[in-house]
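Participant: Just dropping this structure here.
The values are calculated or read from the model by the stated rules, or taken from the named source; none is laboratory data. In this text, all values refer to a predicted model and were calculated from it rather than measured experimentally. Counting neighbours? That spans all protein chains shown, and the Cβs are built from the backbone with ideal geometry, glycine included. Just the protein is used for accessible areas: all its heavy atoms, side chains included, with ligands, DNA and RNA removed. Shrake-Rupley method; radii C 1.70, N 1.55, O 1.52, S 1.80 Å.
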Amino acid sequence: MPRAVYVLALGIFAMVTSEFVVAGLMPQMAAGLDATIPEIGYLITAFAAAMALGGPFLTIALLKVRQKNALLLLFGLFLVGNILAALAPDYRTMLVARVLTGIASQAFFGVSISLASRLTRPEVRGRAVAVALNGLMLGTLLGLPLSTVIGEHLGWRAAFWAITALTVVAALATLAGVPSADGEAEASGGLRQELGAFRNPRLWLTLTTSTFVIGATFSAFSYLNPILTEITGFSTGTVPLLLIAYGAATVIGNTVVGRLADSRTLPVLVVGLALNLAFLAGFALLAQLTVPAVALMMGIGLVGVTMNPALVTRVQRTGNARPLVNTVHSSFITVGIIIATSVGGPAIDAFGLRAPLWIGAGLAALGLVTLIPDALRRRAESRAVPPVPTEAEPQVARDVPETV
């Protein structure tokens with residue numbers, strides 16, 4: 001695997017850590033910015049909305065820029081946003097900072113995944129994407145708890161300064177470790193060529209699958225803390241350890257899926273979604289039991305967000321591996337997160353803390369439905385019988401003398 005792919009993972013890790021940091025420091029930020037907890041929660045929504053809506057437009061603006069240079073420009077914008085967040089004197093400034101970092105983050109994901117695909121052979125692209133996306137998994141495993149610890153001991157502004165320092169390190173590593181191959185800008189194509197991929201109806205269905213896969217997972221992940229404490233009965237001190245275990249499961253699952261994504265794309269998604277549906281429904285039914293709850297939570301970690309390498313491979317084969325398709329794909333994934341978090345809250349008010357788990361199971365079921373056309377197409381192709389040679393053809397072959 002090229003070293004540059006691991007460097008891209010470091011950049012994604014920095015972006016994801018910044019995305020999650022607010023969730024771990026809500027009370028401190030509310031006090032520091034003279035805001036309410038719900039207002040701080042809107043900062044998470046603003047980041048996600050900026051990713052989903054602004055990222056593709058920024059990617060379009062960078063289509064003619066070499067991909068390495070585009071990454072460095074995005075690091076610059078992301079750095080400005082994090083510095084602004086660290087210095088924010090009020091809530092409005094913080095909101096602007098989160099929008100800037102959200103837009104830069106989404107475009108960075110798209111360009112990084114495209115570059116990871118270009119730097120590797122077609123038969124191992126799924127594995128390369130999995131390596132790059134380990135930055136996402138490690139952001140869940142390490143980035144969130146580390147930034148939370150820094151914020152709790154040194155203040156929430158220190159957490160943003162730490163992310164700023166990490167961003168500088170990732171940018172310098174990209175400058176030194178990512179090659180500037182000839183033809184990068186040409187590989188992206190013009191805007192008309194980039195938009196041409198979206199004329200394919202299959203691409204839109206493929207993108208929708210990703211929305212349901214990630215939405216199903218985040219329906220559970222977003223509310224694991226209250227579910228584990230209020231229903232399962234774990235102490236608040238135990239939950240961070242369980243979340244670290246969940247993060248470790250995502251790293252393992254991502255690695256396994258990455259190795260299968262190229263050769264078994266559709267089967268991986270079918271099995272992964274079916275298992276996630278079973279785990280989510282089982283969790284909803286057995287959340288009050290300690291051992292089953294932990295086992296089912298770990299199962300969600302293994303087969304949830306870890307489907308990303310297979311999702312990316314499927315999207316690239318249906319559309320292309322260029323930055324805009326990858327960025328729009330990331331936007332569809334972000335829409336899944338927005339759906340999960342926006343529907344989950346009202347559902348809890350109406351039906352209790354198990355409701356998000358049932359919503360996740362429903363989204364997983366819808367994801368399976370979107371796979372049916374591809375499954376039927378694959379079945380039809382497998383049933384196609386090659387022409388049977390006539391009796392004379394083998395005889396002719398036997399009569400031809402062998403040459404050496």
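Participant: Quick check: is even one residue across region 180-201 more than 21 Å from residue 66 (Cβ to Cβ) and either open to solvent by less than 10 Å² (accessible area, probe 1.4 Å) or hydroxyl-bearing (Ser, Thr, Tyr) (or both)?
Facilitator: If we filter region 180-201 for residues that are more than 21 Å from residue 66 (Cβ to Cβ), which is where we start, we get 196, 198-201.
Next, only the ones that are either open to solvent by less than 10 Å² (accessible area, probe 1.4 Å) or hydroxyl-bearing (Ser, Thr, Tyr) (or both) stay: none.
No, because not a single residue in region 180-201 is more than 21 Å from residue 66 (Cβ to Cβ) and either open to solvent by less than 10 Å² (accessible area, probe 1.4 Å) or hydroxyl-bearing (Ser, Thr, Tyr) (or both).
Participant: Can you pull out the residues in region 36-66 that are of a type in the set (A, V, I, L, M) and under 23 Å from residue 344 (Cα atoms)? Steps first, answer last, please.
Facilitator: At the first step, the residues of region 36-66 found to be of a type in the set (A, V, I, L, M) are 37, 40, 43-44, 46, 48-53, 58, 60-63, 65.
Scanning region 36-66 gives 37, 40, 43, 44, 46, 48, 49, 50, 51, 52, 53.
Participant: Go through (1) farther than 19 Å from residue 179 by Cα; (2) in contact with an Asp or Glu (Cβ under 8 Å, 6 or more places away or on another chain); (3) not polar (S, T, N, Q) one by one and return the number of the condition residue 86 breaks.
Facilitator: All conditions are met except number (2).
Participant: While we're on this one: With respect to residue 125, determine if the residue is buried (at least 20 other Cβ atoms within 10 Å of the Cβ) and of a type in the set (D, E, K, R).
Facilitator: Details: buried (at least 20 other Cβ atoms within 10 Å of the Cβ): yes; of a type in the set (D, E, K, R): yes.
Yes.
Participant: Sticking with this one: Could you say whether any residue in region 271-286 is surrounded by 18 or more Cβ atoms within 10 Å (Cβ to Cβ), under 20 Å from the mean Cα position of the chain (by Cα), within 19 Å of residue 378 (Cα to Cα) and without any contact (Cβ under 8 Å) to a residue 60 or more places away in the chain?
Facilitator: Yes; the residues of region 271-286 include at least one that is surrounded by 18 or more Cβ atoms within 10 Å (Cβ to Cβ), under 20 Å from the mean Cα position of the chain (by Cα), within 19 Å of residue 378 (Cα to Cα) and without any contact (Cβ under 8 Å) to a residue 60 or more places away in the chain.
Participant: On to the next question. So how many residues does region 287-300 have that are buried (at least 21 other Cβ atoms within 10 Å of the Cβ) and more than 22 Å from residue 266 (Cβ to Cβ)?
Facilitator: Residues of region 287-300 that are buried (at least 21 other Cβ atoms within 10 Å of the Cβ), as a first pass: 287, 293, 296-297, 300.
From what is left, the residues that are more than 22 Å from residue 266 (Cβ to Cβ) are 287, 293, 296-297.
Matching residues across region 287-300 total 4.
Participant: Do any helices (runs of 4 or more DSSP H) lying entirely in region 113-229 carry at least 3 residues that are closer than 29 Å to residue 86 by Cβ, touching a Pro at 6+ places or on another chain (Cβ under 8 Å) and modelled with pLDDT under 85, and which ones are they? Before you say what the answer is, go through the steps one by one.
Facilitator: Values: elements: 125-138, 144-154, 156-177, 184-188, 191-196, 201-221.
In region 113-229, no matching helices (runs of 4 or more DSSP H) lie anywhere.
Participant: Here is a follow-up. For region 149-178, enumerate the residues that are open to solvent by less than 20 Å² (accessible area, probe 1.4 Å), under 21 Å from residue 244 (Cβ atoms) and of a type outside the set (A, V, I, L, M, F, W, C).
Facilitator: Result: 151, single match.
Participant: Out of region 202-231, which residues are buried (at least 24 other Cβ atoms within 10 Å of the Cβ) and either without any contact (Cβ under 8 Å) to a residue 40 or more places away in the chain or at positive phi (or both)?
Facilitator: Selection gives nothing.
Participant: Being at pLDDT below 90, within 21 Å of residue 141 (Cβ to Cβ) and of a type outside the set (Gly, Ala, Ser) is the filter here, so list the residues in region 255-280 that pass it.
Facilitator: Residues satisfying the conditions are 255, 259.
Participant: Among 53, 73, 77, which is the only one that is under 12 Å from residue 105 (Cβ atoms), assigned to a helix (DSSP H, G or I) and open to solvent by 30 Å² or more (accessible area, probe 1.4 Å)?
Facilitator: Details: 53 fails: under 12 Å from residue 105 (Cβ atoms); 73 fails: under 12 Å from residue 105 (Cβ atoms).
Going through 53, 73, 77 in turn, the sole match is 77.
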